[in-house]
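Visitor: Sharing a structure here in structure tokens format.
Computed from the coordinates by the stated procedures, all read-outs in this text should not be read as laboratory data. All values derive from a computational prediction rather than experimental measurement. Note that each Cβ is placed from the backbone with ideal geometry, even for glycine, and that neighbours are counted across all protein chains shown.
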Amino acid sequence: MRVSLCPHLLFVTVALVCIALEPGPAVGGESDGSVPECQELIDIQVPTNPRHADYVMKIQYSDRLVCLVRSDAVYRAFLSRVGLGRKFRREGLQGLATASGNSPMAQWIAAVRRLDTEGLQLDPRAGRREVSDAEWDAVLSDYTALLAELDRRSVFDSREALVALTTEAKKPQVRRLGYAALVNLDGELDGARNLAGTKDANNLVAAGRWMAPEKLRTELFLKGRYSIGAREEFDREFIRFLSYVPGHDSEVFGVLEANLNTPYQSRVLESLLARDSAKWPPESLEPLAEKLTRLYGALDQKARTRPDGKRLAKLISRVADHLGPGTAATIRARLAGLEVAEYRVVALREALAFDTDVLVLQAAQPTEITFINQDTMPHNLVVTEPGAMERVGIAADQMALLPASEGGQYVPGIPEVLFHSSMVGNGETAKLSFIAPNKTGVYPLLCTYPGHWLKMFAAIVVVPDRKAYLAANPTLPSREELLEIRSYDHDFNQLAVELAEAEGNHSFARGRAAFFSRACVSCHAIGGKGGRVGPELSTLAEKQSPRDILRSIMYPSEKIDPKFAKVEVEELESGKVFQGVLIPQDDPEVVYLVEDPLTECEPQVFSRNQVEIVPLKLSPMPDQLLRRSSPEEVLDLITFIYAGGSSEHPVYATGD
């Protein structure tokens, strides 16, 4: 049972106060982060205990944090929260200085010391991950800029405190900030170099990017290049610092090129991309292109889609810009044959559809599809042989009858399945990597969760030259046209009339085949055979007429049996949302939820007073299940269900 972990937060009350938030002073060129402007302030009851108050701030989303009525706790949060713009840090510094009567410089030192003991704070939605180097760098850049805005005399009077940051701070990021502040104040390197010595030289070099005078960055480069190879920590930070060295392009290039095959290759690539390739030694460019192309070709397909692989490809293309036409064409052709074509497919929420109907791939091209599931139901991606969509789909439907341990992914182990992803839950992402087939043609792409393939599919067109195909086909054919799928646009009223007129003249064999090939069997049992998710259909005739059965299949979301409806269960404390089917039980204080009723036997258990339950408007049964069936097949299917799967039923008086 899920239990509240933070009952002490119940004291927080919220009231909206219509007070316009005055923005901090604008600074040209500075980033305001990703937090939107706020039009009114939110007043909450903040604990008087500073530790408790800071905890309340820590659990606020960033876009809400910046809209809180200002307090010391809010100002402290502004100085430590990742992703806020510099104007909020400036406001936090000035607010604390005003409230305490201390100078902004004193508050700057205090804020940096808090960073050393408490670290940076992520938006709660980021989870428990570590703060990245890039996020630390962004905050340190803000702190360096804010220090430059303060009164120089007050900064000079705090020199000993800056020295203490470089020698006493536990976090390397804080020591770097101290070195940068000290060098910028002194206007020379010697004081900081003496403090760093050999032991902490890597953090002094890492601080180089924030050293304001260009001559100091140049001096740091000229003195540091002779120490390359002495210590790995120094080498890694020195190579990163080379992004910020002014001029000396040939010397910098030489250091970077020599370290391409080192453990810090990633930082070498970053620094090369950060510099002006037009200023590199011309005679070195062709050998560099060859070297980079060999490195790129040695990567496996997945590695080529990761950041370092993309940096390599970008760098190869940039170097080719400076080569002769013939050599450049050769390099680009090799790169094109190695680059991974990346695509994105999204499962749309409560639509049982992909956002993409047609994908065009180049034959034999390394390919990666990022699959994002925005729906409340699980889905996957399966690529099949041309013409094999129905066989694969029916085989997947039959897997719903297997034990959960055998059929949970619903990917049939048959040769017609070429590539497939894992089953992806709500809000999750998966990557499907493969080499596009050499053979041109149209390959079905479908979700094989039982019943979904009838509606949730796309066409992959494999062609010799993708650019030429797209140029010749600015408007792509429909997926049905490409896959040669015949679809029927059924009219309920017409089918209902035909159903009544055809009484006594139905095919049991054809109705049974339709039941077992149109995904019905994956969720419903009839005559003792079938799935366990939906209602058992053997005695359905006692409750519904053939017309009722037809309507429930054509419009499944029109009337959903509460016992089989999907719901969203939201944990009130965490805000986390789960989707699934409720399992009936006797205790009204407990909620049992199965997220995937086809595979899961163990439900998730919640306390009823800790959750909110919202029924979903979409039935678990897909609509348009009959779109691939002819009118005759539809009538025979309805009759088969009405007969409870029995050929002895009177409705087959004159049937086969």
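Visitor: How large is ³J(HN,Hα) for each residue in the stretch 160-174, as worked out from phi by the Karplus curve 6.51 cos²θ - 1.76 cosθ + 1.60 (θ = phi - 60°), to whole Hz, x for Gly and Pro?
Guide: Each residue of the stretch 160-174 in turn: 5, 5, 5, 4, 4, 4, 6, 9, 10, 5, 7, 7, x, 4, 6 Hz.
Visitor: Which pairs in the list LYS279/LYS314; LYS87/LYS215; LYS215/LYS279; LYS170/LYS223; LYS171/LYS199; LYS87/LYS171 are over 22 Å apart, alpha-carbon to alpha-carbon? Walk me through the numbers before you get to the answer.
Guide: On the way: LYS279/LYS314 17 Å; LYS87/LYS215 29 Å; LYS215/LYS279 20 Å; LYS170/LYS223 26 Å; LYS171/LYS199 15 Å; LYS87/LYS171 25 Å.
The answer is LYS87/LYS215; LYS170/LYS223; LYS87/LYS171.
Visitor: For the stretch 381-393, in order, what is each residue's ³J(HN,Hα) by Karplus, 6.51 cos²θ - 1.76 cosθ + 1.60 with θ = phi - 60°, in whole Hz (x at glycine and Pro)?
Guide: For the stretch 381-393, the Karplus curve yields 10, 9, 9, 10, 4, x, x, 9, 4, 5, 5, 5, x Hz.
Visitor: What residues have an amide H closer than 5 Å to that of GLN121, excluding those fewer than 5 places away on the same chain, when H is modeled at 1.01 Å from N in the peptide plane?
Guide: The answer is ARG81, VAL82.
Visitor: Moving on. For LEU418, which sequence-distant residues (separation of 5 or more, or a different chain) have an amide H within less than 5 Å of its own amide H, given hydrogens modelled in the peptide plane?
Guide: Those lying under 5 Å, H to H, from LEU418 are VAL383, THR384, GLU385.
Visitor: Which residues' amide hydrogens lie under 5 Å from the amide hydrogen of VAL611, considering only partners 5 or more residues apart or on another chain, with H built in the peptide plane?
Guide: Close amide H contacts, sequence-distant or interchain: LEU572.
Visitor: Hey, how many Å between the Cα centroid of the stretch 377-395 and the Cα centroid of the stretch 218-293?
Guide: Taking the Cα centre of the stretch 218-293 as reference, the centre of the stretch 377-395 is 49 Å away.
Visitor: While we're on this one: What percentages, rounded to whole numbers, describe P(r) for the stretch 342-483 computed over all alpha carbon pairs with 10 Å bin width beginning at zero?
Guide: Binned Cα distances yield the sequence 12, 44, 34, 8, 1.
Visitor: Check each of the trypsin sites (Lys or Arg not before Pro) in the stretch 334-374 and keep only those in coil by DSSP with at most 15 other C-beta atoms within 10 angstrom; list them in order.
Guide: Values: sites: ARG334, ARG344, ARG349; in loops: ARG349.
Answer in residue order: ARG349.
Visitor: Apply the Karplus parameterisation 6.51 cos²θ - 1.76 cosθ + 1.60, with θ equal to phi minus 60°, to every residue of the stretch 191-208 and state each ³J(HN,Hα) to the nearest whole Hz, in sequence, with x for glycine and proline.
Guide: x, 5, 5, 5, 5, 6, x, 7, 4, 10, 4, 5, 6, 5, 5, 4, 6, x
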